[in-house]
1. Would it be correct to say that residue 31 is among the charged types (D, E, K, R), within 13 Å of the chain's Cα centre (by Cα) and on the phi < 0 side of the Ramachandran plot?
2. Could you please tell me which pairs satisfy a Cβ distance under 6 Å, a separation of 6+ or placement on different chains, a first residue in the stretch 21-43 that is closer than 15 Å to residue 66 by Cβ, and a second residue that is assigned to a loop (DSSP other than H, G, I, E, B) and of a type in the set (Ser, Thr, Tyr)?
3. Within the stretch 16-66, how many residues turn out to be of a type in the set (Gly, Ala, Ser), exposed (fewer than 10 other Cβ atoms within 10 Å of the Cβ) and farther than 18 Å from residue 6 by Cβ?
Amino acid sequence: MNSTYYRGGVAELLSSLTLLTNAAGIRTGWRVIQARPDFFSITKKMHNALQGGDINLTDLKMHIYE
C-alpha cells in the first residue's frame, strides 16, 4: 500500500518490487490509499517521528487518523 502511484521513493521501489515478486511467482498487487490531505499530513508526521522528529498527536489528529 502507498499513498500514490508516482513520485517519491516508496512509489519507485514498489514499481520494481511488484514486478520482481510477480516474476518470482509471488502474487503481488499495489493499492493506493484514498484519504483527505489532512490524513496524509498526519501520517507524514508519524513517519518523521519514527526517524526521530517531534510529533504532537492531539485528540483531533488521532480522530482524523483513525
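Nothing in this text is a laboratory measurement; each read-out follows from the coordinates by a stated rule. Model, not experiment: these values are computed from the prediction. Using ideal geometry, Cβ is built from the backbone for each residue, glycine included, and neighbour counts are taken over all protein chains shown.
1. yes
2. 33/3; 40/3
3. Counting residues in the stretch 16-66 that are of a type in the set (Gly, Ala, Ser), exposed (fewer than 10 other Cβ atoms within 10 Å of the Cβ) and farther than 18 Å from residue 6 by Cβ gives 4.
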